[in-house]
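Every read-out reported here was derived from the displayed coordinates using simple, explicitly stated rules and does not represent laboratory data. Since the structure is predicted, the reported quantities are computational estimates derived from the model, not experimental observations. Virtual Cβ from ideal backbone geometry, glycine too; neighbours counted across all protein chains shown.
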């Protein structure tokens with residue numbers, strides 16, 4: 001992501017004091033703890049023009065829930081809304097804000113790939129942006145995934161607390177992936193990737209996992225291409 | 001099943017039922033096919049009918065219901081006034097017991113022996129049927145699905161399609177056993193058998209019971225939507241019609257009803273309209289050819305005014321279309337509604353059941369969700385179900401329903417995340433531990449790609465990781481990290497304050 005953004009001429013900084021957006025605490029009902037972490041994030045990213053994350057999940061937390069956590073304080077809520085307004089998921093930033101055309105930049109990535117649409121992408125209003133982006137990469141053959149909109153069953157602690165139900169859900173996802181015959185799955189949310197790649201490995205479906213950022217960096221020749229099997 | 005599917009011992013544990021369902025391949029297939037087709041169908045028919053305006057229409061429906069709930073007292077009063085002016089009698093029941101007692105009193109007062117009943121979730125909720133049966137009233141469910149469920153001594157597992165978990169063979173067997181019919185698996189012949197049986201009941205019935213899809217305040221009307229016309233038969237033949245309706249069923253006026261009728265059937269079964277949509281205002285009038293001489297409306301609270309409290313109020317917008325069940329990956333995998341151990345299942349059940357019956361009695365329901373949001377997207381009245389699930393989780397934490405070990409773990413985790421040094425240490429330890437584990441236990445066992453220096457996959461983890469590795473492997477963290485790479489680029493890591 002850093003390499004692609006720098007290639008596009010942007011200055012990238014990584015505030016090292018950042019930790020976590022607090023989504024696990026929020027989702028599991030620990031809202032006092034989530035609020036403290038949100039407050040940290042707002043401080044850490046203060047003064048930066050745009051905040052970008054490869055994960056739609058983190059972006060959704062900042063965008064959808066931060067303001068709600070500070071419902072009691074106008075000043076804090078306003079700061080939360082300001083951060084939310086300048087926080088983007090990576091593909092969202094590329095397609096909706098920067099409007100980058102990767103074909104014009106000569107991106108080339110020979111191979112077949114399918115795409116996992118994470119639930120948090122839906123949460124932040126993304127639909128087929130990644131798929132359209134993939135279609136602008138030379139040599140890439142996009143293989144549509146059946147039941148694209150269905151959750152992979154990760155759900156954070158859901159996968160730990162209800163492993164059987166979660167395991168049954170991801171089994172479906174693996175079957176749909178296997179059906180595409182694609183060599184690579186584009187999956188930008190780390191949680192989903194950990195879950196789906198782990199299930200692919202267990203079930204013997206040999207497919208590589210990459211984030212959209214990784215694929216773009218490889219396509220632009222910024223990163224040596226690796227074929228990581230699941 | 002020794003335990004009643006919808007009224008289990010409390011506190012209810014979802015896991016054993018979910019595990020049983022996971023073993024049942026046939027059940028998994030029924031539920032998947034039915035829910036997936038309906039969900040896709042909903043999207044297709046709504047896109048065709050509303051296009052870009054689908055979302056706005058859902059917003060409008062939600063806003064109408066929300067407005068009605070914000071002024072529920074005055075709309076209910078208006079409904080009561082108008083319904084009584086039209087000749088109906090309106091009763092109010094604070095809880096299930098009161099509601100059933102009112103139903104029983106009416107049946108007794110008229111000396112009823114045979115009741116034909118159309119589908120109603122609220123009567124399932126209050127448990128009306130057994131109460132009437134104890135009085136010696138024979139109750140016949142006339143919705144085909146409910147009829148089969150009743151015949152087979154089973155319980156509904158879906159708000160709209162109650163026998164989603166059953167197959168033709170079990171229906172055929174029940175018909176042979178209970179009705180003395182000839183064995184057939186042909187759906188048309190099965191329907192014909194049920195129809196013959198029911199017609200004789202309709203002719204003799206002296207009590208008709210129905211639910212209500214909507215109550216219209218402006219006119220005091222009851223709205224019934226069915227596909228089989230069974231509600232119309234049930235309430236027009238017998239001399240007495242008793243309606244059971246939740247207090248949240250009211251909409252202000254007929255013009256608002258139009259919005260909901262556009263959405264209900266499309267969301268529920270991917271139909272443009274239900275086959276029969278009937279608006280009933282009061283009992284039979286002198287010029288009418290048929291209809292009951294008496295109409296009683298029992299308005300049921302049974303926990304609803306509690307839900308009306310601000311943060312959960314939106315849940316009462318629900319029009320019981322079942323779209324959230326059809327869209328839910330969890331509902332599909334736990335074998336349908338019975339895994340929720342309550343009358344209402346799926347995402348909406350997961351939030352209202354704990355509110356009706358206590359979170360401590362249903363600790364799993366708000367937790368057994370990946371919060372994927374498919375339910376929210378499907379909901380015709382835009383109930384933010386993921387947000388409600390999270391709100392209940394917060395209640396679980398605050399009421400200490402969440403176990404202390406878990407509460408301690410989250411607090412420690414959060415405390416770590418608040419301190420960059422602790423966060424760094426925790427990341428280091430986690431990486432080291434997982435890599436050590438991968439190297440010492442699993443390394444190389446899974447194939448050629450792995451090198452002993454860069455362990456990859458773990459196939460069996462202890463403790464909290466055991467569940468994970470029951471169904472999938474875990475990738476060990478790589479040796480390098482983003483932060484290391486960032487430092488290695490040898491430049492200030494931050495715009496402010498500089499880096500190493």
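Of the residues B:274, B:191, the one with the fewest other Cβ atoms within 10 Å heads the list, and the complete ranking is B:191, B:274. The distance separating the Cα centre of region B:182-237 from that of region A:168-182 comes to 42 Å. Here the Kirkwood formula, the inverse mean of 1/r across different C-alpha pairs, assigns chain A a hydrodynamic radius of 18.5 Å. Mean residue ellipticity at 222 nm, helices only, chain B: -15000 deg cm²/dmol; runs of at least 4 DSSP H residues each add -39,500 (n - 2.57), and the sum is divided by the number of residues. Other protein chain C-beta atoms within 10 Å of residue C-beta, averaged over B:368-381: 5. Applying Stokes-Einstein at 25 °C and 0.890 mPa s to the Kirkwood radius of region B:1-154, computed over alpha-carbon pairs, gives a translational diffusion coefficient of 123 µm² s⁻¹. Which FRET efficiency value, to the nearest 0.05, is calculated for residue A:98 and residue B:276 with the Förster distance at 60 angstrom and r the Cβ-Cβ distance? Computed FRET efficiency for residue A:98 and residue B:276 comes out at 0.65.
For region A:101-150, evaluate the Debye formula with one uniform point scatterer on each Cα (no solvent term) and list log10 I(q)/I(0) at q = 0.19, 0.30 Å⁻¹, rounded to two decimals. These q points yield log10 I(q)/I(0) values of -0.66, -1.10.
Each of A:206, B:39 has some number of other Cβ atoms within 10 Å of its Cβ, and from fewest to most they run A:206, B:39. Quick one: Debye curve from the C-alpha atoms of region B:71-302, no solvent, what's log10 I(q)/I(0) at q = 0.10, 0.11 Å⁻¹? So the normalised log intensities are -0.45, -0.55. With a Förster radius of 60 Å applied to the beta-carbon distance between residue B:459 and residue A:75, the computed FRET efficiency rounds to 0.75. Counting Cβ atoms of other protein chains within 10 Å of each Cβ in A:149-161 and taking the mean gives 6.
Based on Cα atoms of chain B, Rg over Rh with Rh as the Kirkwood radius reads 1.06. Sorted fewest first by neighbouring Cβ atoms within 10 angstrom, A:42, B:149 come out as A:42, B:149. Measure nothing but the geometry: give the 0 to 90° angle between the long axis through the Cα atoms of A:31-44 and the longest principal axis through the Cα atoms of chain A, rounded to 10°. On a 0 to 90 degree scale, this one is about 80. So what's the angle, to the nearest 10 degrees on a 0 to 90 scale, between helix B:96-109 and the longest Cα principal axis of chain B? The angle comes out at about 20 degrees. Projected onto their three principal axes, the Cα atoms of region B:208-271 cover extents of 32, 27, 18 Å, largest first. Its Kirkwood hydrodynamic radius, worked out from the mean inverse distance over all distinct Cα pairs, puts region B:330-398 at 12.0 Å. Among the residues of A:164-175, the average count of other protein chain beta-carbon atoms within 10 Å of the residue beta-carbon is 6. The sum of -39500 (n - 2.57) across all DSSP H runs of n ≥ 4, divided by the residue count of chain A, sets its helix-only mean residue ellipticity at 222 nm to -12000 deg cm²/dmol.
DSSP assigns beta bridges within the protein assembly as shown; of those with both partners inside it, close to 25 percent run antiparallel.
Computed over the Cα atoms of the protein assembly as shown, the ratio of the radius of gyration to the Kirkwood radius (Rg/Rh) comes to 1.01. Computed from Cα positions, the angle between helix B:254-269 and the longest principal axis of chain B comes to roughly 60 degrees. What separates the Cα centres of region B:55-113 and region B:4-36 is a distance of 32 Å.
Label-to-label distance, residue B:52 versus residue A:138, with points set 7 angstrom from Cα along the beta-carbon direction: 3.5 nm.
For region A:100-219, go through all pairs of different Cα atoms, get the mean of 1/r, take its inverse, and jot down that Kirkwood value in Å. With all distinct Cα pairs of region A:100-219 included, I get 14.6 Å. For region B:289-337, place one equal point scatterer on every Cα, skip the solvent, and apply the Debye formula. What is log10 of I(q)/I(0) at q = 0.23, 0.27 Å⁻¹? Listed by q, the Debye log ratios stand at -0.93, -1.00.
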